[in-house]
C-alpha cells in the first residue's frame, strides 16, 4: 500500500510538497525531485513554492520563543547560539537593504540560504511579518525560477 501511494500522482505531489518544506532541502531539492519523477514542470514549481512557504509564518512567529526556550536547556543552548550566530552572519546584507536584502538572501539557491534561513534572519532582525513574508515569498519565487532553469538545463544536457 505505501509503495502504491508513493507512486500515485497524489503521492508524488505530496512528496515534492513535503521535500520543499524541509530545511536545507527546500525547493532546491523538491523541483529536481519532481523533474526526476517525470512530473510536469509548472505544477511541480507551484507545489514546491507552496511547500517552501508553509513553515515561514510559523518560523517568524515562534522562532524567538523557541530559541529562548532552547537557551534554558544546557544541551540545546549551544545549538540556539549557533543558529543565532549563523543568522547574524547572514543578516548583514539584509540589514543594509531590508526587504530587498531578505529577498536576495532567499532567492540565492545555495546551501545556507532559502526560506528557512530568511525567516530566521527576519526573526533575529525583528522584521515585521507584513514586510518579511512578501519578501521571502518573492525570494522563493525567484529561487524556484533559477532552480527550474538549472534543472531543465541539466536534464536536457544529459538527454532526459
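The values are calculated or read from the model by the stated rules, or taken from the named source; none is laboratory data. What you see is a predicted model; the values in this text were computed from it and never measured. When we count neighbours, we look across all protein chains shown, and the Cβ atoms used for this are built from the backbone with ideal geometry, even at glycine.
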Picking from 76, 120, the residue that is under 20 Å from residue 56 (Cα atoms), assigned to a helix (DSSP H, G or I), in contact with a helix residue (DSSP H, G or I) (Cβ under 8 Å, 6 or more places away or on another chain) and modelled with pLDDT of 90 or more would be 120
Across (1) within 27 Å of residue 150 (Cα to Cα); (2) loosely packed, with under 13 Cβ neighbours inside 10 Å, residue 75 clears everything bar (1)
Only one of (1) modelled with pLDDT of 90 or more; (2) assigned to a loop (DSSP other than H, G, I, E, B) does not apply to residue 111, and that is (1)
Per the list (1) more than 15 Å from residue 119 (Cα to Cα); (2) under 20 Å from the mean Cα position of the chain (by Cα); (3) not in a helix (DSSP H, G or I), residue check on residue 39 breaks on (2)
By residue number, the members of the range 92-106 that are under 18 Å from the mean Cα position of the chain (by Cα) and touching a residue at least 24 places away in the same chain (Cβ under 8 Å) are 94, 99, 100, 102, 103, 104, 105, 106
If you go through 16, 56, 24, the only one that is assigned to a helix (DSSP H, G or I) and within 20 Å of residue 118 (Cβ to Cβ) is 56
